[in-house]
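Chemist: What follows is a single structure, and I will ask about it in a moment.
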Amino acid sequence: MSPIGAKHAAIVKRLNLILSRQISGRAILGVQDPILLSDFTEPQPDLAVLRFRADFYEEAHPTPSDVLLVVEVADSSLDYDRDEKIPHYAVAGIPEVWLVDIGQETVTQYTQPDRIRYIEERTYQRGDTLNSTSARGIQLPIDEVFGQKAK
């Protein structure tokens, strides 16, 4: 896998800051850490909001029941993230996934997994605010994700 670009890295940092502020003391934010979906599937999403555990998952990686929200940031990996990774999250029962599309400056929210796919899919753009359905109190102002618009 090729290294991520500067814009991708900047968006992950922005999301880290936004989410960290909102979940402080209530949940754990994993950044590019593994999630054990099955014996054969262990993705490393850009970010994951996890149920709080005092040991910070020291003994084992989080499993689907530990995950409230997964965030994937995509540029060149958009098709792979949307068509390969997100279905794996649905099969595992991850309750919510956000797919950040760098090129279009949109965030698509996937919710209500039925163990095959996500039933609900909604896309947000600049000017919108996304409200998490699985991680209480998390709001994502889309403008903050992508930073200042170039003039």
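Chemist: Can you find a residue in the range 102-111 that is over 18 Å from Ser134 (Cβ atoms), outside any loop (DSSP other than H, G, I, E, B) and either in contact with a Pro (Cβ under 8 Å, 6 or more places away or on another chain) or of a type outside the set (Asp, Glu) (or both)?
Modeler: Yes, there is a match, as at least one residue in the range 102-111 is over 18 Å from Ser134 (Cβ atoms), outside any loop (DSSP other than H, G, I, E, B) and either in contact with a Pro (Cβ under 8 Å, 6 or more places away or on another chain) or of a type outside the set (Asp, Glu) (or both).
Chemist: If you don't mind, another one. Consider Pro43 against the criteria (1) within 23 Å of Gln104 (Cα to Cα); (2) in contact (Cβ under 8 Å) with a residue 40 or more places away in the chain: it satisfies all of them except one. Which criterion is unmet?
Modeler: (1)
Chemist: Let me ask something else. Scan the range 106-151 for residues that are under 19 Å from Asp79 (Cα atoms), surrounded by 13 or more Cβ atoms within 10 Å (Cβ to Cβ), under 15 Å from the mean Cα position of the chain (by Cα) and not polar (S, T, N, Q) and report the count.
Modeler: Final tally of qualifying residues: 5.
Chemist: If I go through the range 46-73 residue by residue, how many of them are outside any loop (DSSP other than H, G, I, E, B), free of Cβ contacts under 8 Å to residues at least 60 places away in the same chain and surrounded by 15 or more Cβ atoms within 10 Å (Cβ to Cβ)?
Modeler: Of the residues in that region, 9 qualify.
Chemist: Still on this model: Working only within the range 75-101, note down all residues that are in contact (Cβ under 8 Å) with a residue 60 or more places away in the chain and either closer than 11 Å to Pro43 by Cβ or in a strand (DSSP E or B) (or both).
Modeler: Val100
Bear in mind that the values in this text are calculations on the coordinates, not laboratory data. Keep in mind that this is a model prediction, so the values were computed, not measured. For neighbour counting, all protein chains shown are included, and Cβ atoms are generated from backbone atoms with ideal geometry for every residue, glycine included.
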